[in-house]
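Everything below concerns the one structure shown next.
The values are calculated or read from the model by the stated rules, or taken from the named source; none is laboratory data. Source: prediction; values computed, not measured. Reconstructed Cβ throughout: ideal geometry from the backbone, glycine too, with neighbour counts over all protein chains shown. The protein model used for the area step is the full one, side chains on, heavy atoms only, and it has no ligands, DNA or RNA in it. Shrake-Rupley method; radii C 1.70, N 1.55, O 1.52, S 1.80 Å.
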Amino acid sequence: MSARGDEMSAAGPAGLDKVVASAAEAVADVRAGASIAVGGFGLVGIPWFLIEALLEQGADDLTVVSNNCGVDGAGLGLLLEKGRISRVIASYVGENKEFARQYLSGELTVELTPQGTLAERLRAGGAGLGAFYTPTGVGTLVSEGGLPWRYDAEGNVVLESPAKEVRTFHGQEMVLEESIVTDVALVRATVADRAGNCVFRASTRNFNPPAAMAGRLTIVEAERVVEVGEIDPDEVHLPGVFVQRVVALTPEQAAHKDIEKRTTRERTS
């Protein structure tokens, strides 16, 4: 059974409608101190409006699990700026100057994890697995311990990663990685039906499905919400069993999609 077995929707047709009226309503019961998995990769597939609603809601002392912690002034960067996040589990710091500042000044605990390992830790948590072995990180501080998780104000390391168990499988050394299950997950889907079945377009199908799987309470903001049965079962990327609440975005909200940098030049002729 999945780690989420106690979170399934109520039986019967009425229990299949998971659409709630607003993002504010969807995050209203997220408590202070909660752990939250957040989908997105860079600026792609970010649940912008659920994050903004959580900012307005006021929960603090949050542990955030995400590929990175957003950018300055947007997404998870807003929660960082307001001091709402106390711990981050991510694969890199990126270009978020406030993230780097809080980490290096001792205001934030940061557990950096290889990107593929982080995705699998989330997926494994949703699949009900306690841990798994991977060759990634063997022979480095990832397996041997000593990665700085927290500094003090003077720049001294006051908390570091522990050593992890290493075993040999098929002639190759592998390190034991613990799966991740969070209190809440916030994700963004391209299409969702009222039962929570989701489709993600192109690169939005990045960290969103594993983040959604890891949450005990998973909330989806969807660019388009359709009736149950309108999504072909073969096209479903995330089954509704992993989703408890769906927020339908307005057309204006659905059009909110940023890119990190322009990589092409406009034609002059």
>> Quick query: amide H of THR218 versus all other amide H atoms, modeled in the peptide plane; which residues come in under 5 Å with a sequence gap of 5 or more or a different chain?
In response: ALA185, GLN244, ARG245
> Going highest first, how would you order 62-70, 109-117 by mean Cβ packing within 10 Å?
Replying inline: 62-70, 109-117
> Which whole-angstrom value gives the distance between the alpha carbon centres of the range 119-146 and the range 40-80?
Replying inline: 24
> What is the extension gain from ALA21 to ASP61, computed as 0.36 nm multiplied by their sequence separation minus the C-alpha to C-alpha distance, in nm to one decimal?
Replying inline: 11.7 nm
>> Taking θ = phi - 60°, what integer Hz values does the Karplus form 6.51 cos²θ - 1.76 cosθ + 1.60 yield along the range 49-55, in sequence order, with x for Gly and Pro?
In response: 7, 5, 5, 4, 5, 5, 4
> Pulled fully out, how much extra length does the chain show between ARG224 and LEU104, if you take 0.36 nm times their separation in residues and subtract their Cα-Cα distance?
Replying inline: 39.2 nm
>> Under the rule of at least 5 residues apart or a separate chain, name every residue whose amide H is placed under 5 Å from the amide H of ASN197.
In response: GLY240
> Heavy-atom accessible area per residue, the range 97-230, 1.4 Å probe: how many Å²?
Replying inline: 45
> Given the options ASP17, ASP232, ASP193, which has the most mean-square fluctuation in a GNM of the chain, springs set between C-alpha atoms less than 10 angstrom apart?
Replying inline: ASP232
> Of the beta bridges DSSP finds with both residues in the chain, what % are antiparallel, to the nearest 5?
Replying inline: 35
>> Rounded to the nearest 10 Å², what accessible area does ARG205 have for a 1.4 Å probe in the complete protein model?
In response: 130
>> So for the chain, if I pair up every lysine 8 or more residues apart or on another chain, how many of those pairs have alpha-carbons under 30 Å apart?
In response: 6
>> Can you compute the modelled spin-label distance between GLN253 and ARG267, with each label point 7 Å from Cα toward Cβ, in nm?
In response: 3.7
> Points 7 angstrom from Cα along the Cβ direction at GLU154 and GLU173: gap in nanometres?
Replying inline: 3.5
> Probe 1.4 Å, all protein chains in place: accessible area of TRP48 in Å², nearest 10?
Replying inline: 20
>> In whole Hz and in residue order, list the ³J(HN,Hα) couplings for the range 119-124 that follow from phi through the Karplus curve 6.51 cos²θ - 1.76 cosθ + 1.60, θ = phi - 60°; x for Gly and Pro.
In response: 4, 6, 4, 5, 4, 5
